[in-house]
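A quick write-up on the structure given underneath.
Read-outs throughout are calculated quantities, based only on the coordinates presented, and are distinct from any laboratory measurement. None of these values were measured; they are calculated from a predicted model. No Cβ is skipped: glycine too gets one built from the backbone with ideal geometry, and neighbour counts run over all protein chains shown.
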Amino acid sequence: MAKTIRWEKDKDTALARARKEKKMVLLDFFNPG
Amino acid sequence: MGAVTYPDEKVAEFVEKYMVPIQVMFDAQPLAADFKIKWTPTVITLDEEGNEHHRTVGFLSPEEFIPSLMLGMGKAHFDREKFEAAMALFDQLLKGYPKSDAAPEAVYLLGVAQYKSSHSAKPLKEAYERLHTEYPSSEWTKRAQPYRLL
């Protein structure tokens with residue numbers, strides 16, 4: 001099964017994960033329109 | 001990005017393996033104001049403390065997106081003076097994506113990181129020579145021009 005990106009929606013949650021997993025954060029601002 | 005780049009399998013694998021992705025609407029507050037978002041797509045690389053190190057505005061194809069992320073990760077290490085980690089990422093980018101738009105900046109920053117690690121001017125001159133040979137029309141070649149005299 002193909003991998004898909006599992007997006008976080010909350011910055012604090014993403015930063016906490018980044019600290020725990022020792023990763024950088026990719027922050028994407030998008031416009032669905 | 002949502003239609004082409006993010007569904008790409010290599011992009012998804014890279015992001016899942018090396019980054020924590022967060023996606024928000026362009027007008028989501030307070031983030032949009034905090035990061036002064038004026039256009040989309042805007043993609044920003046943050047360190048684990050939330051500090052910005054790299055930003056792109058506009059569409060990037062899968063072939064350009066991965067090296068752009070690698071450049072951002074390298075810059076995050078570079079900015080925090082983790083030069084070994086930064087050099088490893090710039091080197092990896094240049095080996096895997098030498099023709100990408102991110103490559104010339106990686107050559108430049110690789111030279112600077114090597115200089116900061118070794119205190120020898122040789123890597124700066126080598127960076128200029130590589131830029132001049134491989135990326136003659138890049139803005140990074142112009143920025144490195146003074147190093148030709150070293």
* Structure fact -> Within segment B:8-24, residues farther than 18 Å from A:L15 by Cβ and facing chain A (nearest Cβ under 7 Å) come out as B:E9, B:A12, B:E13
* Considering only chain A, state which residues are assigned to a strand (DSSP E or B) and under 12 Å from the mean Cα position of the chain (by Cα). => A:E8, A:M24, A:V25, A:L26, A:L27, A:D28, A:F29
* To do: Could you please let me know if B:G58 is surrounded by fewer than 15 Cβ atoms within 10 Å (Cβ to Cβ), under 21 Å from B:K99 (Cα atoms), more than 14 Å from the chain's Cα centre (by Cα) and among the small types (G, A, S)?
  => yes
* Checking B:I44 against (1) surrounded by 14 or more Cβ atoms within 10 Å (Cβ to Cβ); (2) within 7 Å of chain A (Cβ to nearest Cβ); (3) out of contact with any His (no Cβ under 8 Å at 6 or more places or on another chain), which test does it fail? -> (3)
* Asked: Which ones in segment B:9-36 are without any contact (Cβ under 8 Å) to a residue 12 or more places away in the chain, of a type in the set (A, V, I, L, M) and crowded, with 20+ Cβ neighbours inside 10 Å?
  -> B:V20, B:I22, B:V24
* To do: Mind listing whichever residues of segment B:14-36 are assigned to a loop (DSSP other than H, G, I, E, B) and under 19 Å from the mean Cα position of the chain (by Cα)?
  => B:F35
* In this structure, is B:I66 among the β-branched types (V, I, T) and either within 7 Å of chain A (Cβ to nearest Cβ) or in contact with a Leu (Cβ under 8 Å, 6 or more places away or on another chain) (or both)? -> no
* Among the residues of segment B:65-77, is there at least one that is in a helix (DSSP H, G or I), among the β-branched types (V, I, T), under 19 Å from the mean Cα position of the chain (by Cα) and surrounded by 15 or more Cβ atoms within 10 Å (Cβ to Cβ)? -> yes
* Identify all residues within segment A:3-33 that are farther than 22 Å from B:K10 by Cβ and acidic (D, E); write none if there are none. => A:D10, A:D12
* Among B:K116, B:K95, which is exposed (fewer than 14 other Cβ atoms within 10 Å of the Cβ), more than 10 Å from chain A (Cβ to nearest Cβ) and either part of a helix (DSSP H, G or I) or among the charged types (D, E, K, R) (or both)? -> B:K95
* To do: Identify all residues within chain A that are closer than 14 Å to B:K17 by Cβ and among the small types (G, A, S); write none if there are none.
  => A:A18
* Does B:E81 fit the bill of being among the acidic types (D, E) and more than 30 Å from B:P21 (Cα to Cα)? -> no
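Within segment B:135-148, identify whether any single residue is of a type in the set (F, W, Y), surrounded by 23 or more Cβ atoms within 10 Å (Cβ to Cβ) and part of a helix (DSSP H, G or I), and answer yes or no.
no
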